[in-house]
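S.K.: Quick one: this structure, given as structure tokens, is what I'll be asking you about.
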């Protein structure tokens, strides 16, 4: 299904949760809404589901005006952050709920419902747990029940609110991989909300980065990571070094003009800020180099090197082996090798 | 308690005053509650088994029990329905003077039962503000009939239901209802299959509390009841009548029976409730 | 309309965002269902709670203020008011001390039989008021267990002040403890332990750490306990003996007046009790609004 939202604005009192947001979700894609809390991503998701209504704007599901339809008419599968399983129902009854409450004319016969639920529980690998109550399950199992329950009604689109937010790191990784493969199998249009950039970049076909009720950038994970459209996106998608610079003629002069790098990004002239990711910062042993190593920490396979450059503190990141090969130690001077920087106005 | 590992009266704590406060508590509890209740049992057993049985099987006593328990049950049922309605409206909707209405719910806890009794009687008597229209238009006589007793018991029992259901309704996560809506449930289906089952244990508790309170209620009932033996005579009144006739043993026997009956009923309701609660805690 | 205005209108109609009609959120009932439910609830509450309250005052002032005042200053009424205040003044502090002691040992310690003890403390709530009075008559009455002994000693308990106090203490027994136990349990022992580690004595700890934490809950319990103590009818009715001007509390006085068909006087005295109830409710509500968070534990149990 295609989702087309245009000019969606939503205010809660004086607070603007969404500020004329335009978004198109293509059929079969897995889209991530990424942003810090308060960026409006959950509100947008809830508007797609019909749990919230925008103050202004249009929403079309497959070309049909969806704002006229209640959640039950939209055929949307929604997985809640804390799963919202029905506590007084068994796993089986939870999954069967959406099928059992259909009007008699549309309802499947009882044994067909049973088979369908059993199939779904098989799919989410919870068949042996059908008779348990939600309280008797682990977080990851509850998450999968919530997913099975949402899939039971054969939704045209699957919406997930922070699907891994309440899980611990290990389960999170497993479930992420599992959800990815499930999506490849079923190819159901899916939108999920997350504040975890790693999750969004790993899982999604396209990422929508949001901030303060606006969409900052839409693109593939590589596109948003490699070519951030704004300083917010650059900041939010990973570690970053910020350096004051002066731009003229497509060249950024850093460290008081001692270092010149091709500038990409906002082509404004004059004073600007150059953004460099730690892993894009190469070190060259050079006794008369511009930078000085001040400290080193190794975290697992990576080495994090703290540098001083013209009064600024920088961080470089590289594999441990590479660091050892450089033969540098704290106190040593070194040169910097920067391919390019992204420049944004100050 | 040397060497008695794994068996101890209390878990060690650095806080002082356990002995003192437990001593005060047990002494006071025994003096005020346990010894007097024991006296009731002693007096009742003084009758002997046959004496006890003859009191228990007396037609007037049996009728009083029917009136007390039957009408308490009816009143608690009415309260379960309307208490739920009131709690729902108070938690879910906004309307003028809501906080005032919310405060008013506790009136039956605070208003002395005798005052409630005469006020309800004045209101529901055949010449009262509500009683007259009911009698004229519907031919229903409220005061001085079993309905009057039920009215008084609804009054005293209402806050029990509202105050037990209210917090549960308040703390219910809205996501469960939203999930139901997304799965295609109508509003009615959501309430019927998702909301009601969630608050049912609380509703049962409120019902049980209202019922237990109704069985023992005296002050608000005796004015409105008419107190006709066999028809509108409640058990507590029968105890008072027996006392006034200096039939201490008889009063004790009826009192014991009443205590036993309400304990058994409460026990059943409690078991039912913990059974339900065990199925879906939290 | 000037050209300029026309232009701005045209511009508006282009730029104006598409306005979505106000829609009900997914969880709300339709407006009519909502109104119907609110109306039904309010009618029910009016019939069963509000009208009786109004009736008390209307009946009391039926024959004017003079008759009302007359009923209140009449010697028997004054004696009943005095006695009621006296009984409450004795019973409430007794239960206050007991309630604090009981909550201390139940909420701050873990021991065997704790659950049973809590149940026993709540017992008077599930006992009919009439039985609460009856037990004391059976114990101390003329034909009671201790009756002959007490008579030989010249001590009168039943049909006298001690009996009234005992019955009142019995019915108000759980109030304070019931409010304090969940509150103190919720607060845990951390602060007390900290005070002890800092060198405070047990009393100092209680006085400076525990009491400030529980004072509003305590006041709440005392309020409810007092309302019940002054308004109790069934239990005191059994032990009082109904001697006018001597062992009649206000609720009993109301009953006597009512049974004598002296309705105005009965409702006049009743109006005082209703006023007490309203003051209690107001104070209780004020406490809940002001210290809602602190008292939240009370509403949850």
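S.K.: Go over the candidates C:287, C:219, C:276 one by one and state the one that is farther than 27 Å from residue C:167 by Cα and in a helix (DSSP H, G or I).
M.R.: Of C:287, C:219, C:276, the one residue that is farther than 27 Å from residue C:167 by Cα and in a helix (DSSP H, G or I) is C:287.
S.K.: State the number of residues belonging to the range C:183-195 that are in a helix (DSSP H, G or I) and surrounded by fewer than 19 Cβ atoms within 10 Å (Cβ to Cβ).
M.R.: The number of residues fulfilling the criteria is 6.
S.K.: If you go through the range A:150-165 one residue at a time, do you hit one that is at pLDDT below 90, buried (at least 16 other Cβ atoms within 10 Å of the Cβ), farther than 26 Å from residue A:60 by Cβ and touching a helix residue (DSSP H, G or I) at 6+ places or on another chain (Cβ under 8 Å)?
M.R.: yes
S.K.: Restrict the check to the range B:240-248 and report whether at least one residue is at the interface with another protein chain (Cβ under 9 Å from one of its Cβ atoms) and in contact (Cβ under 8 Å) with a residue 60 or more places away in the chain.
M.R.: Yes, some residue in the range B:240-248 is at the interface with another protein chain (Cβ under 9 Å from one of its Cβ atoms) and in contact (Cβ under 8 Å) with a residue 60 or more places away in the chain.
S.K.: Just checking, how many residues over the range A:121-156 are away from chain B (no Cβ under 13 Å) and at negative phi?
M.R.: 15
S.K.: How many residues does the range A:24-60 contain that are within 14 Å of another protein chain (Cβ to nearest Cβ) and assigned to a strand (DSSP E or B)?
M.R.: Result for the range A:24-60: 5.
S.K.: While we're on this one: Kindly evaluate residue C:296 against the criterion of being part of a helix (DSSP H, G or I) and modelled with pLDDT of 90 or more.
M.R.: no
S.K.: So how many residues does the range C:52-91 have that are free of Cβ contacts under 8 Å to residues at least 24 places away in the same chain and under 20 Å from the mean Cα position of the chain (by Cα)?
M.R.: The total comes to 3.
S.K.: Just to check your reading of the model, which residue among B:263, B:188 is surrounded by fewer than 22 Cβ atoms within 10 Å (Cβ to Cβ), within 11 Å of chain C (Cβ to nearest Cβ), farther than 16 Å from residue B:74 by Cα and under 14 Å from the mean Cα position of the chain (by Cα)?
M.R.: Of B:263, B:188, the one residue that is surrounded by fewer than 22 Cβ atoms within 10 Å (Cβ to Cβ), within 11 Å of chain C (Cβ to nearest Cβ), farther than 16 Å from residue B:74 by Cα and under 14 Å from the mean Cα position of the chain (by Cα) is B:263.
S.K.: Any idea which of B:14, B:5, B:35 is at the interface with chain C (Cβ under 9 Å from one of its Cβ atoms) and either part of a strand (DSSP E or B) or at pLDDT below 85 (or both)?
M.R.: From the options B:14, B:5, B:35, the qualifying one is B:14.
S.K.: Within the range C:89-141, work out how many residues are out of contact with any helix residue (DSSP H, G or I) (no Cβ under 7 Å at 6 or more places or on another chain) and either within 8 Å of chain B (Cβ to nearest Cβ) or not in a helix (DSSP H, G or I) (or both).
M.R.: 5
S.K.: Taking the condition surrounded by 13 or more Cβ atoms within 10 Å (Cβ to Cβ) and touching a helix residue (DSSP H, G or I) at 6+ places or on another chain (Cβ under 9 Å), does residue A:246 pass?
M.R.: yes
S.K.: Quickly run through the range B:69-88 and pick out the residues that are facing chain C (nearest Cβ under 9 Å) and more than 25 Å from residue C:289 (Cβ to Cβ).
M.R.: Selection gives B:82 alone.
S.K.: With respect to residue C:52, is the statement that it is more than 9 Å from chain B (Cβ to nearest Cβ) and either surrounded by fewer than 16 Cβ atoms within 10 Å (Cβ to Cβ) or over 27 Å from residue C:169 (Cα atoms) (or both) true?
M.R.: no
S.K.: So, in the range B:38-66, of the ones that are closer than 30 Å to residue C:99 by Cα and in contact (Cβ under 8 Å) with a residue 12 or more places away in the chain, which residue ends up farthest from the other protein chains (Cβ to nearest Cβ)?
M.R.: Result: B:41.
S.K.: Within the range B:89-103, can you find the residues that are surrounded by fewer than 21 Cβ atoms within 10 Å (Cβ to Cβ), assigned to a helix (DSSP H, G or I) and facing another protein chain (nearest Cβ under 7 Å)?
M.R.: Across the range B:89-103, the qualifying residues are B:101, B:103.
S.K.: Separate question: Using the structure shown, decide if residue A:197 is farther than 21 Å from residue A:48 by Cα and crowded, with 19+ Cβ neighbours inside 10 Å.
M.R.: So residue A:197 passes the test.
S.K.: Taking the stated definitions as given, is residue A:18 within 30 Å of residue A:235 (Cβ to Cβ) and in a strand (DSSP E or B)?
M.R.: yes
S.K.: Also: Look at residue A:222 and say whether it is farther than 30 Å from residue A:56 by Cα and without any contact (Cβ under 8 Å) to a residue 12 or more places away in the chain.
M.R.: yes
S.K.: Across the range B:207-227, what is the number of residues that are touching a residue at least 60 places away in the same chain (Cβ under 8 Å), assigned to a loop (DSSP other than H, G, I, E, B) and more than 8 Å from chain C (Cβ to nearest Cβ)?
M.R.: Counting residues in the range B:207-227 that are touching a residue at least 60 places away in the same chain (Cβ under 8 Å), assigned to a loop (DSSP other than H, G, I, E, B) and more than 8 Å from chain C (Cβ to nearest Cβ) gives 1.
S.K.: Restricting attention to the range B:108-121, does a residue exist that is part of a loop (DSSP other than H, G, I, E, B), within 21 Å of residue C:258 (Cα to Cα) and under 21 Å from the mean Cα position of the chain (by Cα)?
M.R.: Within the range B:108-121 (the criterion being part of a loop (DSSP other than H, G, I, E, B), within 21 Å of residue C:258 (Cα to Cα) and under 21 Å from the mean Cα position of the chain (by Cα)), the answer is yes, since at least one residue qualifies.
S.K.: Looking only at the range A:274-295, filter to residues that are touching a helix residue (DSSP H, G or I) at 6+ places or on another chain (Cβ under 7 Å) and in a strand (DSSP E or B); which one of those is surrounded by the fewest Cβ atoms within 10 Å (Cβ to Cβ)?
M.R.: If we take residues in the range A:274-295 being touching a helix residue (DSSP H, G or I) at 6+ places or on another chain (Cβ under 7 Å) and in a strand (DSSP E or B), then A:285 is surrounded by the fewest Cβ atoms within 10 Å (Cβ to Cβ).
S.K.: Tell me the residue from B:268, B:199 that is more than 21 Å from residue B:57 (Cα to Cα), at pLDDT below 90 and more than 9 Å from every other protein chain (Cβ to nearest Cβ), please.
M.R.: B:268
S.K.: Against the condition under 30 Å from residue C:246 (Cα atoms), at pLDDT below 90 and surrounded by fewer than 24 Cβ atoms within 10 Å (Cβ to Cβ), how does residue C:198 come out, does it pass?
M.R.: Spelling it out, it is not the case that residue C:198 is under 30 Å from residue C:246 (Cα atoms), at pLDDT below 90 and surrounded by fewer than 24 Cβ atoms within 10 Å (Cβ to Cβ).
S.K.: For the range C:241-255, enumerate the residues that are touching a residue at least 60 places away in the same chain (Cβ under 8 Å) and surrounded by fewer than 24 Cβ atoms within 10 Å (Cβ to Cβ).
M.R.: Hits for the range C:241-255 are C:241, C:243, C:244, C:245, C:246, C:247.
The values are calculated or read from the model by the stated rules, or taken from the named source; none is laboratory data. Quantities reported herein were computed from a predicted structural model and do not represent experimental measurements. No Cβ is skipped: glycine too gets one built from the backbone with ideal geometry, and neighbour counts run over all protein chains shown.
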